[in-house]
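Peer 1: One structure, pasted below without further comment.
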Amino acid sequence: MKKFRFFRSLPQDKNFSILLGNIQNIPKDPEDRIAYGRSKMDNLHPKLNCMWMGPFDPVIVVYHPDTIKSILKSSAPKSRGFARIYEMLLPWIGEGLIVSNGAVWQRSRRLLTPAFHFDILKPYIEIDNKAADKLLKKLEPFAKSGESLDIYPMLTLCTLEVILKCALSYDVDIQAKSHDPYAQSTRQLTEIFTRRTRTPWYWPTFIFKRTEVGKNFFQCCDFVHSMADEIIQKRKSELEKEEYKSKKRLLDFIDILLMARDEDGKAMTTQEIRSEVDTFMFAGHDTTSSGTMWFLYCLAKNPEYQFKIQEEVDAVLEGRDSDHIQWSDLSELPILALCLKEAMRLYPPVPFIQRELTEETIIDGHMIPKGTLVTVSIVHLHVNPTVWEDRDEFRPERFTWEEMKGRDSFSYVPFSAGPRNCIGQHFAVHEIKVLTSRILRKFTLELAPNRPPPVRFAQATLQSQNGMWLKFKLRTEFQN
Ligand code: HEM
């Protein structure tokens, strides 16, 4: 009762039902749901509020650098248990980096960090370029006919192709042949997981398992696990052969993980490696396709920045035979970098994350008890009016060095921050930059006429409920 009274004393929506808490106040429409959170930030409290997900289930929502810092700097674990998003991932990605906690997480993070070293990431730029070649080829007929298209499904296949190649050297042309069973199962797992998180009657595992969707989920899990095991075993035996070791080839994540040793000299087991590979599959394609999709949208809406990026890309590629972006080119594209940051401010690909407090924690002067669930709302932090001036305006200059000076580093966290930040952020940013600059080199983008604007849908990644309809026009130099 004391605890209940404490949570009731925090800033919150006063429309409280003894049966449902605040659940009945949350709008059904996804864009309205984001607006509901925003109105609480604007009108109730600029740093946090308490949402009741039932009469006895308070969740603290934080969206200000001060309150977010208290959570992200701590070692508060990913929440587990009934109705928790991370729990729903377990059958697929096991104790992979994204869901593991404590000592297991610490060991994995140490072993995985070398896989994201710049020396390893450098050659992946060519994989990004090759995937972009195929994407551009698919876009060309639309540009020629003047027909608009929903770009999201194409982007998803493109980013999935990249991660399959970088993680496993799994080399299939899924952009042309979208029915590869491994790629398709990975897509299905992502889609079913997302659907389960927003469907309360799928939350109890014993019910979910009995539904058609649930059965499909577990079948896909079995399939991707057996495929990954097979690939890992095969690579393990190959790595023992001298001629394979001396062969010049691109190192993928499996190679790095197979060679990794902890401080006791112990290697990772096949199952541990498989969990990490599945984690990369989950974390590494829907996020990048969401990021690229919203970036293209921002550029279509703000043509002046699109043209500036085109000039920048043209200058970098001048006099070259190939349009492929090189590693060293990325630092020559500063306007592209600013625009991407601003797009990820307005449309963070991961809109929120959750933690569970393992110890009493002071948040904005309140002693929040152990066991409390906290939602870090990135999508609201990025438009918090106490932090961002003209918050809804696309103004990339706000990320120039002069304007960044004095801004709290926890004001902007598309990749989270602190010890559990995104390990794949450089991989992702390089990929998005290559895809976008290659698209802008060849096409100019416009919002599709006669199509409704996108409607944001904050799920595990930020989606658009009605797709992302864009028109691609061939630039004059490419019209013959
Ligand atoms: C635009 C693309 C991406 C965005 C916006 C993004 C964002 C994030 C965020 C917000 C987190 C924290 C999640 C949490 O606390 O629950 C995270 C964690 C993580 N991300 Fe990413 N991510 C992106 C791409 C990638 C890619 C490409 C990979 C792998 C190839 C990746 C792998 C991971 C992993 C393994 C973690 C867990 C790290 C840990 O807990 O130590 N991400 N990411």
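The values are calculated or read from the model by the stated rules, or taken from the named source; none is laboratory data. All values derive from a computational prediction rather than experimental measurement. Here the Cβ positions follow ideal geometry from the backbone for every residue, glycine too, while neighbour counts run over all protein chains shown.
Peer 1: Output the number of residues of the range 22-54 satisfying the condition of being hydrophobic (A, V, I, L, M, F, W, C), surrounded by fewer than 17 Cβ atoms within 10 Å (Cβ to Cβ) and in contact with a Phe, Trp or Tyr (Cβ under 9 Å, 6 or more places away or on another chain).
Peer 2: Adding up the residues that qualify gives 2.
Peer 1: Return a yes/no flag: does the range 406-415 have any residue that is within 14 Å of the ligand (Cβ to nearest atom) and part of a helix (DSSP H, G or I).
Peer 2: Within the range 406-415, one or more residues are within 14 Å of the ligand (Cβ to nearest atom) and part of a helix (DSSP H, G or I).
Peer 1: Related question: Return only the number of the condition from (1) surrounded by 19 or more Cβ atoms within 10 Å (Cβ to Cβ); (2) at pLDDT 95 or above that Ser145 does not satisfy.
Peer 2: So Ser145 meets the others, but not (1).
Peer 1: Looking at (1) under 24 Å from Asp286 (Cβ atoms); (2) within 16 Å of the ligand (Cβ to nearest atom), which is the one condition that is false for Phe472?
Peer 2: (2)
Peer 1: Does the range 57-95 hold any residues that are over 14 Å from Ser275 (Cβ atoms) and in a helix (DSSP H, G or I), and which are they?
Peer 2: Passing the criteria: Pro65, Asp66, Thr67, Ile68, Lys69, Ser70, Ile71, Leu72, Ile85, Glu87, Met88.
Peer 1: For the range 440-460, give me each residue that is crowded, with 22+ Cβ neighbours inside 10 Å and within 16 Å of the ligand (Cβ to nearest atom).
Peer 2: Ala460
Peer 1: For the range 10-31: of the residues being in a loop (DSSP other than H, G, I, E, B) and farther than 17 Å from Asp57 by Cβ, which is farthest from the chain's Cα centre (by Cα)?
Peer 2: Out of the qualifying residues, it is Lys14.
Peer 1: Only one of Ile34, Ile98 is more than 24 Å from Trp201 (Cβ to Cβ) and either in a strand (DSSP E or B) or of a type in the set (Val, Ile, Thr) (or both); which?
Peer 2: Details: Ile34 fails: more than 24 Å from Trp201 (Cβ to Cβ).
That would be Ile98, the only listed residue that is more than 24 Å from Trp201 (Cβ to Cβ) and either in a strand (DSSP E or B) or of a type in the set (Val, Ile, Thr) (or both).
Peer 1: Cβ contacts < 8 Å: first residue among the polar types (S, T, N, Q), restricted to the range 138-154; second residue modelled with pLDDT under 95, any location; separation 6+ or different chain. Result?
Peer 2: Filtered contacts from the range 138-154: Ser148/Pro449; Ser148/Arg451.
Peer 1: Might you let me know whether the range 421-433 holds any residue that is in a helix (DSSP H, G or I), within 11 Å of the ligand (Cβ to nearest atom), of a type in the set (A, V, I, L, M, F, W, C) and touching a strand residue (DSSP E or B) at 6+ places or on another chain (Cβ under 8 Å)?
Peer 2: So far as the range 421-433 goes, no, none of its residues is in a helix (DSSP H, G or I), within 11 Å of the ligand (Cβ to nearest atom), of a type in the set (A, V, I, L, M, F, W, C) and touching a strand residue (DSSP E or B) at 6+ places or on another chain (Cβ under 8 Å).
Peer 1: Considering only residues that are touching a strand residue (DSSP E or B) at 6+ places or on another chain (Cβ under 9 Å) and either among the β-branched types (Val, Ile, Thr) or not in a helix (DSSP H, G or I) (or both), which ones fall in the range 141-197?
Peer 2: Start the filter on the range 141-197 by keeping residues that are touching a strand residue (DSSP E or B) at 6+ places or on another chain (Cβ under 9 Å), which leaves 142-144, 146-152, 194.
The answer is Gly146, Glu147, Ser148, Leu149, Asp150, Ile151, Thr194.
Peer 1: Next question. Can you work out which of the residues in the range 91-116 that are surrounded by fewer than 17 Cβ atoms within 10 Å (Cβ to Cβ) and among the hydrophobic types (A, V, I, L, M, F, W, C) is nearest to the ligand (Cβ to nearest atom)?
Peer 2: Ranking the candidates gives Phe116 first.
Peer 1: Which members of the range 102-132 meet the condition of being touching a residue at least 24 places away in the same chain (Cβ under 8 Å) and over 30 Å from Pro77 (Cβ atoms)?
Peer 2: Lys122, Pro123, Tyr124, Ile125, Glu126, Ile127, Asp128, Asn129, Ala131, Ala132
Peer 1: In addition: Could you tell me whether any residue of the range 2-18 is over 15 Å from Val376 (Cβ atoms), among the aliphatic types (A, V, I, L, M), modelled with pLDDT of 90 or more and buried (at least 16 other Cβ atoms within 10 Å of the Cβ)?
Peer 2: yes
Peer 1: Ok, one more. Within the group Val99, Val62, which residue is under 18 Å from Ala460 (Cβ atoms), out of contact with any Cys (no Cβ under 7 Å at 6 or more places or on another chain), in contact (Cβ under 8 Å) with a residue 12 or more places away in the chain and among the β-branched types (Val, Ile, Thr)?
Peer 2: Working: Val62 fails: under 18 Å from Ala460 (Cβ atoms).
The unique qualifying residue is Val99.
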